[in-house]
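Structure, as structure tokens:
The values are calculated or read from the model by the stated rules, or taken from the named source; none is laboratory data. This structure is a prediction, so every number in the text was calculated from the model and none was measured. Virtual Cβ from ideal backbone geometry, glycine too; neighbours counted across all protein chains shown. Please note that ligands, DNA and RNA were not included when accessible areas were found on the heavy atoms of the full protein model with its side chains. Shrake-Rupley method; radii C 1.70, N 1.55, O 1.52, S 1.80 Å.
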Amino acid sequence: MTVIMLTSCNDNRQGQLEQTNRQRQAVEDSIQLGNMKYALTTIDSGLTAAKDSDMYYLWLCTKNKANYWGMDGKAMLATNKRISDYLKRNPDSTLIRQWVKAECLMSQSVFHTAIMGRPDSGLVYNAKALKAMRYLKGCDNNLVITLTNRAFFYKQYGQFDYSADAYLNALNAADSLHSSYHSRIAIMLGIASVYNAMQDLENANIWWKQLERELPKMKDRDKYIFYNDRGNYYYFAKDYPNAKRCFESAANITKGDPQKEWDYYTAQANLAEIYICLGDADKATKAVDEMETFCSKVGFDMLLYYADTERIKIALLRGDKAEAAKILAKARIDENMMLEQRLMRMKAEKSVYSITGQYAKAFNIQEDIQHIDDSIRAANIKMRMSANMLKYSHDKRIMQQQREIEKKEMASVIAWIICAVAIMGVALLTLIMIMRRRKQKIRDLIMRQKLVDQKMENVRNRISPHFIFNALNHEMLSQMKGQEVDFSQLTQLLRRGLDMAEHLHTSLADELQFIDYYVSIEGRKLGPKFQYVKDIAEGVDVANISLPTMTIQLFVENAIKHGLRRIVALPNVTPILTIKVQRKDNGVIIRVVDNGSGMDHISTNENTGMRTIRQTIQILNDHNHEKITFGIDNNPQPESGCTSWIYLPDNYKYEI
């Protein structure tokens, strides 16, 4: 995602706001370092020295951040209400009041998610906070925090694909805005935890190992998150001794610190589950007792719900089915509880019903469990695409480059491809049964592409599913009209795509041959006037020139889709697509030129294909002194259309 630099109106109070924000940033740094006494003293001084109501409530927003770090939910609720009431009484949008509004919305989003356990409400307030920040200047730190919060909220809501996308967006924003090391570490911890949540243990472990190397430089807060979530990784891997070690480390970091009670008792909750897995009912009971006492005092319903579930499991561990049934009958119920917690409760309920002979109830719950498990597996499949490019990354590249963010688009592309394949299958079965056998081969081919090698997904995501669907429809309509049907070009296109999917790069000769198949199919729709020209300069050996796979094909696809299709119906206009290959300096430049309608305000937005090119080239350029460059622009007047180009240096290496 491209970070939008936020603007504000010219205000004679800009200088005062900047000075106050520097003071508030120092306070927030102190809070994160655990120096709460200094932070609260400085906040009180700021409130006392505030010269007007706007500045007073800005400092009150800072105080609410201290309330959050102390997990004082009641104070957060009361402070949020005071700020909201003030904004309602004073709707005028002054500069400082805009800051107050944005930070109040941030606070409300955190309160609903972290304190109330309602991430759906948190996401609503988070979106409002991001919208409010569009009108502000200098809130880069808050922007990164809000983007990171959004990712966490999606994770709490069980939408792991959106969470991964949002974390990668936050990482890109942190790099673009040169955020602190601590901010990037927090985001990387979030990415690793998302892979934990979808139980993609292989990719999760890649991130955890990189984070382990950063452990000595982490603040205590980040160390706590590391040990707590690393413990979750071992829990999912069923490595309970290592999980116990991590959760104990998390508890030791926070034990005895009144500002970190929430963290301590969260670690105790996790330890309770591990003790159950290790068969130690006594230690599990002690951990649950400690955690439940604290949560009852502060009114944290989410962990109280979890405590009831753990007590049911402890009773089952001890073989006391009567006690388990008794606890279940009195257990807290919350339909809005997070998916993971509801699933744990349902599994405990099923066990109770099974051992007490209530088989019908056990069967019904098992069906619900199966439905949730299926949903989780479906989310995992969509997420695996986002993990694909991470295999090519190492710790320096992850922390310093933006390219990890752009992998978020792949998850959305997968959803569209699955949808398109399903529609194609239904259409083929409905329109003509004669095509059934051929349709099955295509569907089998696509399924093999998804299941056999994830690297194929990178290339297949670059071919528009609508293109394949429309090509098939075109041939079927031709057959229905009595015309000759020829699937050879489409078959060649798919076969070449499969071959090329095995490699990160290909020769220019193979790329141009693949484009020939593509253009031969698309050209039919452009009519007999369409002209396709390849202009290869003398002395250019296309067989010995390498480039990232399907780069030129994406240029050609954009030229046809966004340029030539718009002019095909115009009289006295001949759609022309030209590919020019020439030597330039110490390399080769390739241009794709069309005489279409050119780029307008819509088409100038970077699409998925261009983001994919940029992502791939960013990765490759890290390993080369001479860089690949590319671009797209309207042709110079009076010519119409666009030119896409890429420069390939000689002796470029494609090893990652």
Could you provide, to the nearest whole Å², the per residue accessible area of segment 255-302 with probe 1.4 Å?
44
Averaging over every viewing direction, what projected area does the convex hull of the Cα atoms of segment 213-262 cover, in nm²?
3.6
Net charge dipole size for segment 182-267 [Lys, Arg +1 and Asp, Glu -1 on Cβ; Debye, nearest 20]:
200
Under 14 Å from a point placed 7 Å out from the Cα of Lys584 along the Cα-to-Cβ direction: which residues of segment 535-572 have their backbone N that close?
537
Given a 1.4 angstrom probe, I'd like the percentage of the accessible area of segment 27-179 that is carbon and sulfur, rounded to a whole number.
53
Once phi is turned into ³J(HN,Hα) by the Karplus curve 6.51 cos²θ - 1.76 cosθ + 1.60 with θ = phi - 60°, what whole-Hz value does each residue of segment 152-166 show in order, with x for glycine and proline?
5, 5, 4, 5, 4, 7, x, 9, 5, 5, 5, 5, 4, 4, 5
How much net charge surrounds Ala543 when only the other residues with a Cβ under 13 Å from the Cβ of Ala543 are counted, with Lys and Arg +1 and Asp and Glu -1?
-3
Test of understanding: extend the Cα→C-beta vector of Lys534 to 7 Å, then name every residue of segment 549-589 with backbone N under 12 Å from that spot.
579-581
How many nm separate the modelled label positions at Ser93 and Gln199, each set 7 Å beyond the Cα in the direction of the Cβ?
4.8
Averaged per residue, what accessible area in Å² does segment 106-253 show with a 1.4 Å probe, protein chains only?
37
What spacing in nm lies between the two simple spin-label points modelled at Ala543 and Gln16, each 7 Å away from Cα in the Cβ direction?
7.6
Of segment 640-656, those with amide N under 13 Å from the point 7 Å along the Cα→Cβ vector of His625 are 650-653
Residues whose placed amide H lies under 5 Å from that of His505, excluding near-sequence neighbours
Thr549
Karplus-derived 3J(HN,Hα) from phi for segment 61-70 (6.51 cos²θ - 1.76 cosθ + 1.60, θ = phi - 60°), whole Hz, x at Gly and Pro, runs 4, 5, 4, 5, 5, 5, 4, 5, 5, x
Out of segment 517-571, which GluC sites (Glu not before Pro) are coil in DSSP terms and have no more than 14 other C-beta atoms within 10 Å?
Glu538
Along segment 510-521, Karplus-curve 3J(HN,Hα) (6.51, -1.76, 1.60; θ = phi - 60°) to the nearest Hz, with x for Gly and Pro, reads 5, 4, 5, 5, 4, 5, 4, 4, 4, 5, 4, 7
Pulled fully out, how much extra length does the chain show between Ser296 and Leu429, if you take 0.36 nm times their separation in residues and subtract their Cα-Cα distance?
42.0 nm
Calculate how large, on average over all directions, the projected area of the Cα convex hull of segment 76-119 is; give the answer in nm² to one decimal.
2.9
Can you classify segment 197-288 as rounded, prolate or oblate using the Cα gyration tensor, where a ≥ b ≥ c are the square roots of its eigenvalues, rounded means a/c under 1.5, and otherwise it's prolate if a/b beats b/c and oblate if not?
oblate
Per residue value of the accessible surface for segment 511-656 (all protein chains in place, 1.4 Å probe), Å²:
48
Quick calc, Asp29 & Gln370: beta-carbon distance into FRET formula, R0 51 Å, rounding 0.05, result 0.60
If r is the Cβ-Cβ distance from Asp289 to Leu40 and R0 is 30 Å, what FRET efficiency results, to the nearest 0.05?
0.45
With Gly523 itself left out, Lys, Arg at +1 and Asp, Glu at -1 over residues whose Cβ is under 11 Å from its Cβ give +1
Gly587 long-range amide H proximity, modeled H, under 5 Å
Asp650
For Glu323 and Ala75, calculate 0.36 nm times their separation in residues minus their Cα-Cα distance, and state this gained length in nm to one decimal.
85.5 nm
